[in-house]
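The structure appears right after this line, and notes come after that.
The values are calculated or read from the model by the stated rules, or taken from the named source; none is laboratory data. Being a predicted model, the structure only gives us computed values, none of them experimental. Methodologically, a virtual Cβ is constructed for each residue, glycine included, from the backbone with ideal geometry; neighbour enumeration extends over all protein chains shown.
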Amino acid sequence: MQEKIDPYTAEINAFSPANADELETFRIKFLGTKGLIKDLFEEFKTVGPEEKRIFGKVLNQFKQLAEAKYTELKETIDSGPKTQDQDKDLTLPGDGLNLGSRHPLTLVRNEIIDIYKRLGFVVAEGPEIEDDWHNFSALNFPEEHPARDMQDTFFIKKNSGQDDIALRTHTSSVQVRMMEMGKPPFRAIMPGRVYRNEAISARAHCFFHQVEGLYVDENVSFADLKQTLYHFVQELYGEGTKVRFRPSYFPFTEPSAEMDISCTICKGAGCNMCKYTGWVEILGCGMVDPNVLENCGIDSKKFTGFAFGMGIERIANLKYVIRDLRLFSENDVRFLKQFQTEII
Ligand code: DAH
């Protein structure tokens, strides 16, 4: 038995593990339930009484040696660095989170929504693929009338007119859906993307964004329209921004107007943003044509309403002085990261 133990004693004394795994292998080999020391004690039971006296002591010393070695090494390994990661300097600052920023069109749309929400308007949405009825006919665009050419349409299906399907050319189609679906009063704004068959340039794009507004109730007047839009402009561009209304034409409103505001860049003095007029156009509006109300099943003797529609890109142009419409859809990070980052 002595000869068996001697080489192991040397092995234990020389043992120097590189990591916790090697130490564990050591423990299993010598001290484990199926380990060497266990086996030696089993064997010890079989030897005669004379040998028991000698080897009992030797065996116990061997066991103590293995246990002491294990305890000592375990303490060293536990108190040292466990993994390579822990060699790093934990006081160094961490990698910053790249939060990104909201798209300028989203910022402007949210601002418009917030202003109208405070006036009691709800937000509604409609489909971007629209039928002839909702995009044109219900809005009083006569069939085969040149008014339809006002907006160069991307048709998905084009036959007779009535069952044509197209990408909506304006968000006014959502007015129709809203009025058909419910009963007055209506007070809603309807933001969304619209499409027109235009060559892409700095000043025109084949898709852009609008916000439509609709207010229908008893006794709604043009004065209500003017005051609502006046309030909106004061909120969006600041107190003292002037407004003016010019007569215009839209098939779905009568009377119709376009609204200008005093140039936000030069404050009316004249600059190239306002083409030296001091005014910039921001939206179209008017009193909902009685034909439109009737087309949507609303009694035009009892109810009147106003509507307005504005381009979000146009509002963002003025707010951030962005002169090229293409920037909005190119997703160039150098452009996008200039806008406010919201912490969510
Ligand atoms: N739909 C018109 C356009 O795309 C904008 C517009 C004008 C909407 C007058 C309206 C309105 O609701 O009353 O050019």
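Within segment 235-252, identify whether any single residue is touching a Phe, Trp or Tyr at 6+ places or on another chain (Cβ under 8 Å) and closer than 17 Å to residue 321 by Cβ, and answer yes or no.
Scanning segment 235-252 turns up no residue that is touching a Phe, Trp or Tyr at 6+ places or on another chain (Cβ under 8 Å) and closer than 17 Å to residue 321 by Cβ.
Condition check ((1) of a type outside the set (Phe, Trp, Tyr); (2) at negative phi) across all residues:
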| residue | (1), (2) |
| --- | --- |
| 265 | yes, yes |
| 275 | yes, no |
| 279 | no, yes |
| 285 | yes, yes |
| 296 | yes, yes |
| 302 | yes, yes |
| 307 | yes, yes |
| 311 | yes, yes |
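Based on what the data block shows, is residue 43 at pLDDT below 85, closer than 17 Å to residue 2 by Cβ, assigned to a helix (DSSP H, G or I) and of a type outside the set (Val, Ile, Thr)?
Criteria not met by residue 43.
Has segment 303-323 got at least one residue that is among the acidic types (Asp, Glu) and not in a helix (DSSP H, G or I)?
no
Please identify the pairs in which a residue from segment 307-324 that is more than 16 Å from residue 113 (Cα to Cα) and assigned by TED's automatic domain parsing to the domain that holds residue 237 has its Cβ atom under 6 Å from the Cβ atom of a residue that is more than 12 Å from the ligand (Cβ to nearest atom) and outside any helix (DSSP H, G or I), counting only partners at least 6 apart or on another chain.
Taking only residues 6 or more apart or on different chains, the pairs are 318/264; 324/202.
Using the structure shown, decide if residue 297 is away from the ligand (no atom under 16 Å from the Cβ) and under 25 Å from residue 136 (Cα atoms).
Yes, satisfied.
Restricting the search to segment 198-225, which residues are of a type in the set (Val, Ile, Thr) and surrounded by 15 or more Cβ atoms within 10 Å (Cβ to Cβ)?
Answer for segment 198-225, where residues must be of a type in the set (Val, Ile, Thr) and surrounded by 15 or more Cβ atoms within 10 Å (Cβ to Cβ): 211, 216, 220.
Could you count how many residues in segment 269-294 are in a loop (DSSP other than H, G, I, E, B), crowded, with 17+ Cβ neighbours inside 10 Å and either in contact (Cβ under 8 Å) with a residue 24 or more places away in the chain or within 13 Å of the ligand (Cβ to nearest atom) (or both)?
Selection size over segment 269-294: 1.
Kindly provide the set of residues from segment 181-209 that are out of contact with any strand residue (DSSP E or B) (no Cβ under 8 Å at 6 or more places or on another chain) and hydrophobic (A, V, I, L, M, F, W, C), ordered by number.
Residues satisfying the conditions are 181, 199, 200, 202, 204.
Have a look at 212, 235 and point out the one that is in a strand (DSSP E or B) and either within 16 Å of residue 112 (Cα to Cα) or within 12 Å of the ligand (Cβ to nearest atom) (or both).
Just a single option satisfies the conditions, and that option is 212.
Just need a number here: residues in segment 162-185 that are within 29 Å of residue 226 (Cα to Cα) and surrounded by fewer than 23 Cβ atoms within 10 Å (Cβ to Cβ).
Residues meeting the conditions: 9.
Residues of segment 150-171 being within 13 Å of the ligand (Cβ to nearest atom) and either hydroxyl-bearing (Ser, Thr, Tyr) or at pLDDT below 90 (or both), which ones?
Selection gives 150, 151, 152, 153, 169, 171.
Residue check: is residue 334 in a helix (DSSP H, G or I), within 16 Å of the ligand (Cβ to nearest atom) and either surrounded by fewer than 19 Cβ atoms within 10 Å (Cβ to Cβ) or at pLDDT below 95 (or both)?
No, not satisfied.
Away from the ligand (no atom under 13 Å from the Cβ), among the polar types (S, T, N, Q) and surrounded by 15 or more Cβ atoms within 10 Å (Cβ to Cβ): which single residue out of 253, 228, 264 fits that description?
Among 253, 228, 264, only 264 is away from the ligand (no atom under 13 Å from the Cβ), among the polar types (S, T, N, Q) and surrounded by 15 or more Cβ atoms within 10 Å (Cβ to Cβ).
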